[in-house]
Each structure stands twice: as structure tokens, then as C-alpha cells.
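Read the structure below first, then the notes.
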Amino acid sequence: APRGAKQTSSSIVPSAAAPQLPLMTAATLELELGSVEETELLGAQLAEVVERGDVIFLSGELGAGKTSLSRGFLRRFFADPELEVPSPSYLICLSYADDGPDGSPAGATADDAGGAKAAVSGRTLRPRGRARLPGVRVLHLDPYRLPEGRVAGLVDLQSAFETSVCLVEWPQRLGPQLCTPHSPQRVEVRLGGIGPQAGGRAA
């Protein structure tokens, strides 16, 4: 497990998506991540406990480890240790899906809530392994390059937040229409420290 874990209960800002809103009270867990591998391990541990409809916000400066954490998450969730996990910065949304429980590709039809728009607007990747939750799609989003709130025109996030698992980098770009202190319900991971060696990185 990542080193130096301690759990506290404190008031935290829900995310930079709505900095003008009041503070929320939530349980927090502080971790020291001494390497990229430990950052990926944190992602893998999150993948072991998520359920359909879970949302994870990933905050931090460029190079803080958001995509590294996502890589660990996706490789564990789909049991594919060699899965390539590129940054979604340019395509905005990368959708990962295995076959559904009936053998058909998850999200293959327009009736798949939260999946159809994502597949059209970004790219759907098929890991070689099976999802820990069969048929559940994982959306990896990064709206950094878009004006605030514009991602809603590309991805049906309201449905995705209910039917998929969502990893959202730069969540402050979602805008107040999509993100309030209480919606979507989510886990927020804030990463500190930058650089490929991840020296002194914390979550």
C-alpha cells in the first residue's frame, strides 16, 4: 500500500469546479506517494472497490500523476497489466469497455446511456482482459482544452455519471451546470508534486 497513510476528518473544498461555494465536511485520507508505481497502485486499489455510477475527480497540476493513477486504475479494473493508457487531453474522452454479459460490445448501441456520445466524441478502447464489473464502461475524461462546461456537448455526462465509472481529470472545467458541491457524488483525489520521478508526491 502507499506509504504514510493517515486518515482525518476535516473540511475540504469539493473541487476547483465551484470555488465560490461553501466548504463540505468529508473524511479525508492523506498519502505519500514516493514513485509513479505507488501512484498507479493507488489507482489499482480504487479499481477494486468502485461500482457502476462511481465518479472519481482527479485534480493536480500538469505532471502531478493524474494519468498515472488512471493507468493503474484501468489496468486493474480490466485485468490487463499491459493496457496502454494515453492521456485523454486531445480526444477529451477515452472510453474503455469489454464485452457485455451477453457477449455484445458494451455501449454498442445508441440506447446505452452514457456510452453512445462518448464513443462518438472520443475513442473506445477494448482491453484484453475482462472488467471487474462485466459490461461496465469506464470513461476517462480530460476537458482541460475546452471552455468551461463545453464538455457537456460532447459527452452525455448526466447519464455517464449514473451508468458508467468516470475518471475525470481537470474537473474544474466541467462548470457549475455539471458540478455542484453535492452532484455528482464522487471521490476526489488531489495530487501534489510534479515530474516523472514523482519526488514528494502526495494525495
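The values are calculated or read from the model by the stated rules, or taken from the named source; none is laboratory data. Small disclaimer: the values here were computed from a predicted structure and weren't measured. Cβ sites come from the backbone with ideal geometry, for glycine too, and all protein chains shown count toward neighbours. Just the protein is used for accessible areas: all its heavy atoms, side chains included, with ligands, DNA and RNA removed. Shrake-Rupley method; radii C 1.70, N 1.55, O 1.52, S 1.80 Å.
Is at least one residue of the range 4-15 in a loop (DSSP other than H, G, I, E, B) and either at pLDDT 50 or above or out of contact with any helix residue (DSSP H, G or I) (no Cβ under 7 Å at 6 or more places or on another chain) (or both)?
yes
Name the single residue, out of those in the range 134-145 being in a loop (DSSP other than H, G, I, E, B), open to solvent by less than 30 Å² (accessible area, probe 1.4 Å) and not β-branched (V, I, T), that is farthest from Q172 (Cα to Cα).
My answer is G135.
Which residues, counting only those in the range 16-60, are over 23 Å from P88 (Cα atoms), surrounded by 12 or more Cβ atoms within 10 Å (Cβ to Cβ) and modelled with pLDDT under 65?
Once the filter is applied, which keeps residues that are over 23 Å from P88 (Cα atoms), surrounded by 12 or more Cβ atoms within 10 Å (Cβ to Cβ) and modelled with pLDDT under 65, the range 16-60 yields L21, M24, A26.
Go through the residues of the range 61-82 one by one and say whether even a single one is within 17 Å of R137 (Cβ to Cβ), crowded, with 21+ Cβ neighbours inside 10 Å, over 14 Å from the mean Cα position of the chain (by Cα) and not acidic (D, E).
Yes.
Looking at (1) modelled with pLDDT under 90; (2) part of a helix (DSSP H, G or I); (3) open to solvent by less than 60 Å² (accessible area, probe 1.4 Å), which one does C179 not meet, given that it meets all the others?
(2)
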